[in-house]
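The values are calculated or read from the model by the stated rules, or taken from the named source; none is laboratory data. Keep in mind that what you see is a predicted model, and the values were worked out from it rather than measured. Ideal geometry is used to build each Cβ from the backbone, glycine not excepted, and the neighbour counts take in all protein chains shown.
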């Protein structure tokens, strides 16, 4: 399934946001905000939120300065 | 306000611009900007706003200059090591442009003092690096109705977003609150390419100038991200979040409160190095 993550096309198997975080090896999901097709997702809804063909996601990292986001 | 001949010459490259002219320069000289943090982001912002003739510039910082700051905090010189950052920064701004009235605040911003300070200004630049300060500025600007520029830098990347409180997406629309403390290593661990502070701090200064001039489109409802290694900018649209705890439809944050979260173990709470 092809989706767009941060402007880049990716071929993924995950069907939920939680699965996607795992598949993309996002080590610190608590440091990332996720936008799905323009809407900021509720952090508690990742498990229930489906990812579908053609979805556009933005992973937006906390940036204060000097902390490890990845 | 009438510009002197010297001022007309000093600001001639502004005045010649159709979007600025004499009236725009007068507007800048009447404008007031607050820069929180005389660090990596605050340094270029302070230098350019002073050079641009922003009439009143406040600079908030409670730290003193350390040698490890000098790699990116370009308003401070080697001879300033050990001096108060706010005073060091003010000295450089005054040296660039005597038209500018510089006010220094050698203190940390907290819930009980931030409102009185930001109310004196038209626009706020967040040049801090720690999350309690970032959320405190976001919240205080919301309650005071002050437009402000958020920014962060990390390694080879940076991001910035301008917030018009109540009108455009705020930091809490994006991030509910600071990340959990155990997820955040200390400031010294990740590093940052010094020039990133210049790239992003200058973008923040540009936003302050555009706001004062009422020209162009502010970076609202969008996060501009810069990847220094790839040399790419991306403007990620950010919608206001109806569930935002601060500016959403049923907010749970209704008064300004201290934002608790230890970020950096270098110096203790609230005193973390500015980016």
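Annotations for the structure displayed:
- Flag for residue A:8 being closer than 18 Å to residue B:236 by Cα, within 11 Å of another protein chain (Cβ to nearest Cβ) and surrounded by fewer than 12 Cβ atoms within 10 Å (Cβ to Cβ): yes
Here is a yes/no grid of residues against (1) more than 14 Å from chain A (Cβ to nearest Cβ); (2) closer than 17 Å to residue B:36 by Cβ:
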site: B:121; (1), (2): yes, yes
site: B:131; (1), (2): no, yes
site: B:154; (1), (2): no, no
site: B:163; (1), (2): yes, yes
site: B:203; (1), (2): no, yes
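- Filtered residues of the stretch B:205-237 (kept if more than 13 Å from chain A (Cβ to nearest Cβ) and touching a strand residue (DSSP E or B) at 6+ places or on another chain (Cβ under 6 Å)): B:207, B:208, B:211, B:218, B:219, B:220
- No other residue among B:192, B:199 is within 14 Å of chain A (Cβ to nearest Cβ) and free of Cβ contacts under 8 Å to residues at least 60 places away in the same chain apart from B:199.
- Enumerated helices (runs of 4 or more DSSP H) restricted to the stretch B:1-120, each holding at least 3 residues that are over 25 Å from residue B:256 (Cβ atoms) and modelled with pLDDT of 95 or more: B:5-10, B:12-15, B:21-30, B:42-52, B:85-96
- Strands (runs of 3 or more DSSP E) contained in chain A and holding at least 1 residues without any contact (Cβ under 8 Å) to a residue 24 or more places away in the chain and farther than 21 Å from residue B:176 by Cβ: A:8-11
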